[in-house]
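Have a look at the structure below, then the notes.
The values are calculated or read from the model by the stated rules, or taken from the named source; none is laboratory data. These numbers were taken from a predicted model, which means no experiment stands behind them. Note that we place each Cβ from the backbone using ideal geometry, even for glycine, and neighbour counts take in every protein chain shown.
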Amino acid sequence: MKQAIGTIPLFGLGSGKFHDAVLFRGIDLATLQSIEASWTPMFDAAAAENRPEDAHWEWAAKALQALQNPLNYELFGIEADGETQGMMLVVKGGAKCFSRHPEHPRMPLVYVDFLATAPWNRRGLIETPTYKGVGRVLFMSAVSLSIEEEFAGRVALHSLPGAEAFYRGRLSMTDMGADKDYQNLRYFELSTTQAKQLISAGP
Amino acid sequence: MKLCVDNDWLRRQIESDPIGEVEAGRGIRRSADVVNALESAAEYQKPKDRQAVQPASRSDAALGLLVHMTRRRDRLSVAQFAERVRVSAEEVAAIEKDPSYSPRPRTIHNLAEYVKVPAKSLLNLLPDAPAVDHSLEDAVHKFAASSDDLSGLSRAERRSLNDFVKFLSIYNGGTKTDGK
């Protein structure tokens, strides 16, 4: 259900050095409980006083049980210091998995349904985030999955406004404009050529 | 799965990445958001949801029929065909029986290799593929109309299957083919 892929580096902004973290594929109830215990109160101060009841976890456990061995999606997570540092859900089949890029229209790709980092890693929420690199590692997991699925590294996503510069500038994705069918978020694609260039990129 | 880059690559890139936001897609603030996202992704595999995005004029059974007739042409059981195509027998059965079933992309790739048509052409036969032009629909309808479920292929069925495979092998969906 939840399997370690390997140890990856995250940059500790407090310590000024790299720390080991573990990249996972899949999810378990403990991950969900860690999100509820650590992430939610930082997003919503009132949430700490309204912790989910047992029925919530019974529902979550049943849902996870039913969602084992999915055919068309993969969930990735990063853990360090006993906490979930970030998560990403990637979809491998369906209407969103056809390229809109002029380089290869309608070719299959993987679509990032969500990429989320822990609130303590977000510049928008905290002045000095704990770790840098969570988004980079999760995104490269999506590229790796795309290669594994024989999609040549093609990846698509809808960026939140604060992250557009990262996807456009640092990951060299093509900005295909605001998508009126997705809350006007800008739609980005990493083409086959861009994926090759990204993987072979120097510092 | 193995990461396509090593930890030295990650360290170099992360070091020069600015401290900034990286969030994409739906907002995740609590455990229920994660479970809801997973359920939405899983729901998409169910027929009733795929019907909603299916173009009305697309023939439902084109891919299933192509697989079924190819299998009959080669006189293979579902299990034997699945072994040749390197996918599970359950998935071959699902493709043949459930017109709204969307196979794994790798399955499409392997099927295309077996039938000797570009994978891109087969992608256009999926229930959730975006509609492109009428030539594909015409070819699908003609192919579907010619089929009958007998044990071996009749001469007419074999001709129809050959014509359809020939059409798929040159069909480019109105765009340049990429050689795949």
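Yes/no matrix, rows are residues, columns are (1) at pLDDT 85 or above; (2) away from chain A (no Cβ under 11 Å):
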| residue | (1), (2) |
| --- | --- |
| B:L38 | yes, no |
| B:A42 | no, no |
| B:Q51 | no, yes |
| B:L66 | yes, yes |
| B:D74 | yes, yes |
| B:E83 | yes, yes |
| B:A93 | yes, yes |
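Residue-by-condition table, conditions (1) facing another protein chain (nearest Cβ under 7 Å); (2) within 24 Å of B:E23 (Cα to Cα); (3) modelled with pLDDT of 75 or more; (4) surrounded by 21 or more Cβ atoms within 10 Å (Cβ to Cβ):
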residue	(1), (2), (3), (4)
A:E49	no, no, no, no
A:W57	no, no, yes, no
A:K62	no, no, yes, no
A:K92	yes, yes, yes, yes
A:M107	yes, no, yes, yes
TODO: For region B:1-34, enumerate the residues that are within 7 Å of chain A (Cβ to nearest Cβ), over 29 Å from the mean Cα position of the chain (by Cα) and in a loop (DSSP other than H, G, I, E, B).
DONE: B:D17, B:I19, B:G20, B:E21, B:V22, B:E23, B:I28, B:R29, B:R30
Open item on the list: When you scan region B:153-171, do you find a residue that is at pLDDT 70 or above, touching an Asp or Glu at 6+ places or on another chain (Cβ under 9 Å) and not hydrophobic (A, V, I, L, M, F, W, C), even just one?
Closed with: yes
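Can you pull out every residue in region A:98-116 that is in contact with a Leu (Cβ under 6 Å, 6 or more places away or on another chain) and either within 18 Å of B:P103 (Cβ to Cβ) or polar (S, T, N, Q) (or both)? Reasoning before the result, please.
Taking region A:98-116 first, the residues in contact with a Leu (Cβ under 6 Å, 6 or more places away or on another chain) are A:99, A:110, A:112-115.
Within region A:98-116, A:S99, A:V110 qualify.
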- [ ] For region A:158-170, state whether one or more residues are facing another protein chain (nearest Cβ under 10 Å), in contact (Cβ under 8 Å) with a residue 40 or more places away in the chain and more than 16 Å from the chain's Cα centre (by Cα).
- [x] no
Task: Residue pairs meeting the criteria (Cβ under 7 Å; at least 6 apart or on separate chains; first without any contact (Cβ under 8 Å) to a residue 60 or more places away in the chain and facing chain A (nearest Cβ under 10 Å), in region B:111-124; second of a type in the set (A, V, I, L, M) and assigned to a helix (DSSP H, G or I)) - done: B:L123/B:I108; B:N124/B:L136
Task: Filtered residue count, region A:6-37, keeping only those that are hydroxyl-bearing (S, T, Y) and surrounded by 16 or more Cβ atoms within 10 Å (Cβ to Cβ) - done: 2
